[in-house]
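The values are calculated or read from the model by the stated rules, or taken from the named source; none is laboratory data. Nothing here was measured: the structure is a model prediction, and the numbers come from that model. Glycine gets a Cβ as well: all are built from the backbone with ideal geometry, and neighbour counts include every protein chain shown. Heavy atoms of the whole protein, side chains included, go into the accessibility calculation; ligands, DNA and RNA do not. Shrake-Rupley method; radii C 1.70, N 1.55, O 1.52, S 1.80 Å.
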Amino acid sequence: MAANGRGADRLRGVCGKLGPDTLEAARAELLDSAERRMRRASAQAPDGVYDGADAVDDGGIGDQALPVHATVTISGDSVHVDFTGTHDQVTTN
């Protein structure tokens, strides 16, 4: 929790120093850059439908393994992930 508080304090400091417009421009560029890199990488992968399944713990509320299922569809530089079959969110996650 202390790390979160410190991070929030520092973010407020950066906001005060640079201003909201500069920070918004940096945030937008970060997201745009991530999308460009993801699309480049996705375009390198073969088109198709890929399935995967695993399980995660339930966050300590019991001893149940929670299934996670993903169907990933790649088409060109686009990726769609369908989590149908994944356990509903539980209180601790």
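Taken together, ALA65, ALA70 contain a single residue that is in contact with an Asp or Glu (Cβ under 9 Å, 6 or more places away or on another chain), modelled with pLDDT under 95 and closer than 30 Å to THR92 by Cβ, which is ALA65. Take the residues in the stretch 2-31 that are under 30 Å from PHE83 (Cα atoms) and of a type outside the set (Gly, Ala, Ser); name whichever of them is surrounded by the fewest Cβ atoms within 10 Å (Cβ to Cβ). Looking at the filtered set, the residue picked out is ASN4.
In the stretch 60-86, which residues are open to solvent by 50 Å² or more (accessible area, probe 1.4 Å), under 18 Å from ARG40 (Cβ atoms) and assigned to a loop (DSSP other than H, G, I, E, B)? Of everything in the stretch 60-86, just one residue is open to solvent by 50 Å² or more (accessible area, probe 1.4 Å), under 18 Å from ARG40 (Cβ atoms) and assigned to a loop (DSSP other than H, G, I, E, B), namely ASP77.
Within the stretch 6-59, being closer than 27 Å to VAL90 by Cβ and assigned to a helix (DSSP H, G or I) holds for GLY7, ALA8. Put simply, of ARG37, ARG27 the only residue that is modelled with pLDDT of 95 or more, within 17 Å of the chain's Cα centre (by Cα) and basic (Lys, Arg) is ARG37. Within the stretch 32-52, being open to solvent by less than 100 Å² (accessible area, probe 1.4 Å) and of a type in the set (A, V, I, L, M, F, W, C) holds for ALA34, ALA41, ALA43, ALA45, VAL49.
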